[in-house]
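Visitor: Following this message is one structure expressed as structure tokens.
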Amino acid sequence: MDMKVSKKKLGLKEKYQHMTRGLGWETSYQQMDDVFPYAKYEGIKIHDWDKWEDPFRLTMDAYWKYQAEKERKLYAIIDAYAQNNGHLSVTDARYINAIKLFLNGISPLEYMAHRGFAHVGRQFPGVGPRVACLMQSLDEIRHAQTQIHALSNYNKYYNGFHEFRHMIERVWYLSVPRSFFDDAVTAGPFEFMVAIGFSFEYVLTNLLFVPFVSGAAYNGDMGTMTFGFSAQSDEARHMTLGLEVIKFILEQDPDNLPIVQRWIDKWTWRGYRVLTLVGMMMDYMLPKRIMSWKEAWEVYFEENGGALFKDLARYGIRPPKWLDQIAFDKDHLSHQAWATFYQYGAVCNFHTWMPTDDEMDWLSKKYPNSFDKYYRPRLEFWRDEAAKGNRFYNKTLPMLCQTCQIPMIFTEPGDPTQICYREVDYKDTKYHFCSDGCKEIFEHEPEKYIQAWLPAQQIYQGHCFNEGVDPTAEGFDPLGAVLDYYHMAAGRDNFDFDGSEDQKNFEAWRGLATKNA
Ligand code: FE
Ligand code: ZN
């Protein structure tokens with residue numbers, strides 16, 4: 001590139017600005033509004049794109065060099081782990097169900113993040129954010145790829161990893177993370193940036209990655225730990241972008257404040273709802289626990305997030321709505337979630353189980369206000385029933401929240417014995433919600449959320465059977481037909497961990513590795 005070098009030596013920031021700002025121009029034979037059709041309809045006013053502070057200041061060649069180096073290290077470790085049968089060194093095979101949850105529920109979101117950032121990178125009239133979004137888009141496809149590669153090793157030996165791509169679009173519990181991202185990528189470019197760049201990457205990402213990565217480290221899973229660290233090393237950049245976006249928008253025009261505040265409220269709530277899966281993973285699925293969900297929420301949200309929102313107060317931003325409810329729910333969330341998966345273990349592509357006595361004691365200690373009183377008796381009852389041959393499987397489908405798509409399992413703020421239930425009548429139809437948060441999000445954009453593809457409703461409407469299946473045929477088995485549609489193998493991918501192929505194989509293989517046959 002032909003660049004005039006001035007006498008004065010430029011700092012990195014100025015050098016980078018020269019590079020990025022020079023890439024854009026005012027179009028002449030097309031209207032700028034036609035070239036950037038999504039830039040204005042959300043109501044965000046931007047007066048000067050040049051005020052954008054580039055958060056990365058990385059040139060493309062430096063970017064490739066850094067990332068290539070990371071990839072070399074990552075794949076060396078993944079290969080060594082695979083060649084040494086590293087999967088046999090995890091604490092116990094129940095752990096592997098936590099990474100099934102990750103591959104099926106999280107990795108597809110990395111790919112959607114890639115697409116989302118590529119899309120908004122095209123839509124911003126300013127060059128600085130376009131370049132930043134391009135780089136994050138590349139990071140995100142790397143995350144999707146490295147996660148799939150690392151976890152493909154487990155797919156050789158264990159069930160439930162085989163069709164994450166197919167399942168994300170169909171399986172009931174996966175519609176929760178999927179709808180979260182679908183909502184974000186179908187929003188305008190500014191909302192996407194506040195949703196994913198700020199609320200998710202900046203405010204909530206530690207609650208997702210730290211538990212999985214530390215969980216992997218604590219449970220002997222080097223492969224997952226390594227891709228986790230590799231992805232986390234990009235995270236610093238993503239967080240800087242998320243923060244810059246918020247500050248830039250707020251500094252551009254005072255009219256932007258209420259719009260941004262509403263997005264922060266909405267996306268913190270939606271992100272928190274998705275994190276239900278992580279909370280359950282931390283408290284119930286890791287054989288060796290790192291910390292409880294409640295502790296993680298206190299450290300990563302209440303302390304760190306608290307400081308952040310204090311900082312943003314000078315822009316007029318207040319902390320997200322519904323934090324009172326979240327603070328109350330932190331004693332209950334993971335227990336309510338695991339109880340749900342236990343009941344619906346027949347339609348899961350991972351295994352469920354009852355906590356051992358030791359594990360129940362750990363839960364009592366971590367949740368002194370709730371576990372013994374509300375949740376232990378139910379678990380013990382189910383355990384006794386299972387021992388008598390009455391393993392409880394719930395055979396009716398639950399009502400789903402129209403916004404977050406989670407079954408209506410959450411309880412009233414302040415009363416953990418009452419299911420929280422809200423409803424709205426809209427155009428002659430009744431819609432149902434798990435919370436005030438989800439209800440208010442719906443009421444602001446009903447036309448968006450009435451289009452939601454809700455798995456339970458879709459099953460009842462007969463849309464979740466393979467082509468050619470006749471539900472009126474004699475002896476028709478609806479559960480079997482839904483599992484076929486999901487590509488889940490009954491008796492292999494689902495049901496209890498105890499007695500599963502995974503459990504038996506792991507035991508036999510570990511025996512071969514550690515004992516004389
Ligand atoms: Fe990522
Ligand atoms: Zn909801």
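The values are calculated or read from the model by the stated rules, or taken from the named source; none is laboratory data. Because the structure is a prediction, the values reported are computed rather than measured. Positions of Cβ are backbone-derived with ideal geometry, glycine not excepted, and every protein chain shown enters the neighbour counts. SASA here: full protein model, heavy atoms, side chains in, ligands and nucleic acids out. Shrake-Rupley method; radii C 1.70, N 1.55, O 1.52, S 1.80 Å.
Visitor: Tell me which residues, restricted to region 338-363, are touching a residue at least 24 places away in the same chain (Cβ under 8 Å) and among the β-branched types (Val, Ile, Thr).
Guide: The answer is Thr340, Val347, Thr352.
Visitor: Would you confirm, using the coordinates I've provided, whether Gln451 is open to solvent by 60 Å² or more (accessible area, probe 1.4 Å), more than 15 Å from ligand 2 (Cβ to nearest atom), free of Cβ contacts under 8 Å to residues at least 60 places away in the same chain and under 22 Å from Phe181 (Cα atoms)?
Guide: yes
Visitor: Can we say Ile419 is within 13 Å of ligand 2 (Cβ to nearest atom), free of Cβ contacts under 8 Å to residues at least 24 places away in the same chain and of a type in the set (A, V, I, L, M)?
Guide: Here the answer is yes, as Ile419 does meet what is asked.
Visitor: With Val185, Val171 as the choices, which residue is hydrophobic (A, V, I, L, M, F, W, C), open to solvent by 10 Å² or more (accessible area, probe 1.4 Å) and either touching an Asp or Glu at 6+ places or on another chain (Cβ under 6 Å) or away from ligand 1 (no atom under 13 Å from the Cβ) (or both)?
Guide: Going through Val185, Val171 in turn, just one is hydrophobic (A, V, I, L, M, F, W, C), open to solvent by 10 Å² or more (accessible area, probe 1.4 Å) and either touching an Asp or Glu at 6+ places or on another chain (Cβ under 6 Å) or away from ligand 1 (no atom under 13 Å from the Cβ) (or both): Val185.
Visitor: Considering only region 131-181, how many residues are touching a residue at least 60 places away in the same chain (Cβ under 8 Å) and under 16 Å from the mean Cα position of the chain (by Cα)?
Guide: Result for region 131-181: 16.
Visitor: Would you confirm whether or not region 374-385 contains a residue that is open to solvent by less than 40 Å² (accessible area, probe 1.4 Å), within 25 Å of the chain's Cα centre (by Cα) and modelled with pLDDT of 95 or more?
Guide: Among the residues of region 374-385, not one is open to solvent by less than 40 Å² (accessible area, probe 1.4 Å), within 25 Å of the chain's Cα centre (by Cα) and modelled with pLDDT of 95 or more, which makes the answer no.
Visitor: Would you pick out the residues in region 301-323 that are touching a residue at least 24 places away in the same chain (Cβ under 8 Å) and open to solvent by less than 50 Å² (accessible area, probe 1.4 Å)?
Guide: Correct list: Phe301, Gly305, Leu308, Leu312, Tyr315, Gly316, Ile317, Pro320, Trp322.
Visitor: In region 110-168, what residues are within 30 Å of Ser500 (Cα to Cα), part of a helix (DSSP H, G or I), open to solvent by less than 30 Å² (accessible area, probe 1.4 Å) and of a type in the set (Ser, Thr, Tyr)?
Guide: Thr146, Tyr154 - these are the residues of region 110-168 that are within 30 Å of Ser500 (Cα to Cα), part of a helix (DSSP H, G or I), open to solvent by less than 30 Å² (accessible area, probe 1.4 Å) and of a type in the set (Ser, Thr, Tyr).
Visitor: In region 429-447, is there at least one residue being open to solvent by less than 50 Å² (accessible area, probe 1.4 Å), among the small types (Gly, Ala, Ser) and over 30 Å from the mean Cα position of the chain (by Cα)?
Guide: no
Visitor: Check Asn104, Asn84 and return the single one that is out of contact with any strand residue (DSSP E or B) (no Cβ under 9 Å at 6 or more places or on another chain) and free of Cβ contacts under 8 Å to residues at least 40 places away in the same chain.
Guide: Exactly one of Asn104, Asn84 is out of contact with any strand residue (DSSP E or B) (no Cβ under 9 Å at 6 or more places or on another chain) and free of Cβ contacts under 8 Å to residues at least 40 places away in the same chain, namely Asn84.
Visitor: Count, please, the residues in region 463-494 that happen to be surrounded by fewer than 18 Cβ atoms within 10 Å (Cβ to Cβ) and in a loop (DSSP other than H, G, I, E, B).
Guide: 19
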